[in-house]
Every structure is written in C-alpha cells, then in structure tokens.
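To keep things clear, I will list the structure first and then write my remarks on it.
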Amino acid sequence: GVQHCVQGDYEYCHYMQDRFNDDGWGCMYRSYQTVLSWYKLQCYTGKPIQTHEQIQKMLVKMGDKKDSFIGSKQWIGAMEAQMLLDEYLGVSSKIIAVTSGHDLEDKGRELAAHFDNHGTPICIGGGVLAFTILGVEYNQESGGIKFLILDPHYTGGEDLTTIQNQSKKNACSGIPSVGWHDVSVFRKDSFYNLILPQRPREI
C-alpha cells in the first residue's frame, strides 16, 4: 500500500495536558485542538488554540448547548468539532458518516485523496471515543487500508519515546498513543462521524 499522511506540523493534544484534568471526557476537545494547532503551525491563523472552557462557551453562544454546559465535564462529538472549526477559523469540513466502524474499510480512496489534497488531521468520533487520524496506508489494487491514529487518551508527559512505544497502551482506549491499525480498531456496532477539515484556498 501507499501511505498518505498529514502534511506539515501539528501539536499532539491529549488528556491532562496544560495541567487540565479531562481524563474520561475530553478526547474530542483534544482532537479538535490538534486540528487547530495544524492551522496555527501552517500560519493559516494567528488565533490561539482554544481551551476547554473557551470551546464550551463558543458552543453555548452558538446555541448548540445550554448554559450549564460551561464548566461541565460533558463530552463533545465530531459534529461539534465541525461547527467549532467553521465558527472559530471559518474552515469548512467534509463529513463522512458510517453506520458501522468496519465500513471505514471502504473509504480508503476518499481518505487517501483527503491527505493528498488537504493534508489536515481528521477528527473521528464514535463508540464513545474520539481519535485523530494522521494518515492512511491504502492499496488501490486490493482496497486494503490501515489507519495512522493519534490517540488523545494519553495521560502522560511530553516524552516522545513513551508516546511512540507500541507496547504502552492507553487505559481509556486500549491502543498506543500513536500507531498503525487495521479497521478492527473501530467498533463494528458503532456509527462514526469523520470531519475532514479543508485546507484554505490560497488567495
């Protein structure tokens, strides 16, 4: 297969970062922050990466959540990430929805094209977990696909050796912090939404 991956730099945003405890509920917040960091590091925006509280306040202001959402430990999903990207950065996203995680096996061509054309990290939410997809390895002949997943459920420090250690699994997700997986990493009995942020057109 051929690897199609994120183009450019990003920050790995994960549980417990910046001394903020979101263990057990903050995975999509972190996946969204990782996407924001890509736009910032590619100099498409000068805006700071939003905190959990700023994210919650924006969703309330947009009318998506009630006031009680601010300061809560309520999780968000991929659709909220899509709304936030649009509101905060003016970035539009393509949405892929599948009724079963295993249907993602059929999305190889589409996901490969995304990384080739846009090169942005993908937010995926489903089965009560969120991940960031950094790339796919796709075989056009066989249709075989593997997914490079950055796992926001990591709770440790900023040590690359630990983060890249394939035998160290994160408690919440059961997978390493970063690594290649086949489609079985996604649950067959869960639907998933994927948010494919679009690269801004050069003016």
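The values are calculated or read from the model by the stated rules, or taken from the named source; none is laboratory data. Note that this is a predicted model, so its numbers are computed, not measured. Positions of Cβ are backbone-derived with ideal geometry, glycine not excepted, and every protein chain shown enters the neighbour counts. In case anyone asks, the SASA skips ligands and DNA or RNA and just uses the protein heavy atoms, side chains included. Shrake-Rupley method; radii C 1.70, N 1.55, O 1.52, S 1.80 Å.
Based on this model, can you work out whether Met83 counts as open to solvent by 40 Å² or more (accessible area, probe 1.4 Å) and either out of contact with any strand residue (DSSP E or B) (no Cβ under 8 Å at 6 or more places or on another chain) or assigned to a loop (DSSP other than H, G, I, E, B) (or both)? Yes.
Among the residues making up region 158-172, a single one is in contact with a helix residue (DSSP H, G or I) (Cβ under 9 Å, 6 or more places away or on another chain), surrounded by fewer than 18 Cβ atoms within 10 Å (Cβ to Cβ) and either of a type in the set (S, T, N, Q) or under 16 Å from Cys13 (Cβ atoms) (or both): Glu158. Could you identify the single residue in Gln82, Gln7, Gln33 that is touching a Ser or Thr at 6+ places or on another chain (Cβ under 7 Å) and within 25 Å of Phe147 (Cβ to Cβ)? Only one candidate qualifies: Gln82.
The number of residues in region 123-152 being assigned to a loop (DSSP other than H, G, I, E, B) and either among the polar types (S, T, N, Q) or over 13 Å from Leu194 (Cα atoms) (or both) comes to 9.
Only one entry of Thr155, Thr120 meets the criterion of being buried (at least 23 other Cβ atoms within 10 Å of the Cβ) and assigned to a loop (DSSP other than H, G, I, E, B), and that entry is Thr120.
When Phe69 is tested against (1) open to solvent by 10 Å² or more (accessible area, probe 1.4 Å); (2) over 16 Å from the mean Cα position of the chain (by Cα), just one condition goes unmet, and that condition is (1).
When the residues of region 173-186 are filtered to those that are open to solvent by less than 60 Å² (accessible area, probe 1.4 Å) and either among the charged types (D, E, K, R) or in a loop (DSSP other than H, G, I, E, B) (or both), which remaining residue is nearest to Lys107 (Cα to Cα)? Here the answer is Phe186.
Scanning region 1-35 for residues that are under 19 Å from Tyr192 (Cβ atoms) and either small (Gly, Ala, Ser) or surrounded by fewer than 20 Cβ atoms within 10 Å (Cβ to Cβ) (or both) returns Trp25, Gly26, Ser31.
Considering (1) small (Gly, Ala, Ser); (2) open to solvent by 20 Å² or more (accessible area, probe 1.4 Å); (3) part of a helix (DSSP H, G or I), the lone condition that Ala112 does not fulfil carries the number (2). If you go through region 51-66 and keep only what is surrounded by fewer than 18 Cβ atoms within 10 Å (Cβ to Cβ) and of a type in the set (S, T, N, Q), you end up with Thr51, Gln54.
A search for C-beta distances below 7 Å between a residue of region 34-62 that is farther than 14 Å from Gln7 by Cα and touching a residue at least 40 places away in the same chain (Cβ under 8 Å) and any residue that is open to solvent by 80 Å² or more (accessible area, probe 1.4 Å) and among the polar types (S, T, N, Q), counting only pairs 6+ apart in sequence or on different chains, returns nothing.
Among the residues making up region 90-105, those that are open to solvent by less than 40 Å² (accessible area, probe 1.4 Å) and either of a type in the set (Val, Ile, Thr) or part of a helix (DSSP H, G or I) (or both) are Val91, Ile96, Val98, Gly101, Leu104.
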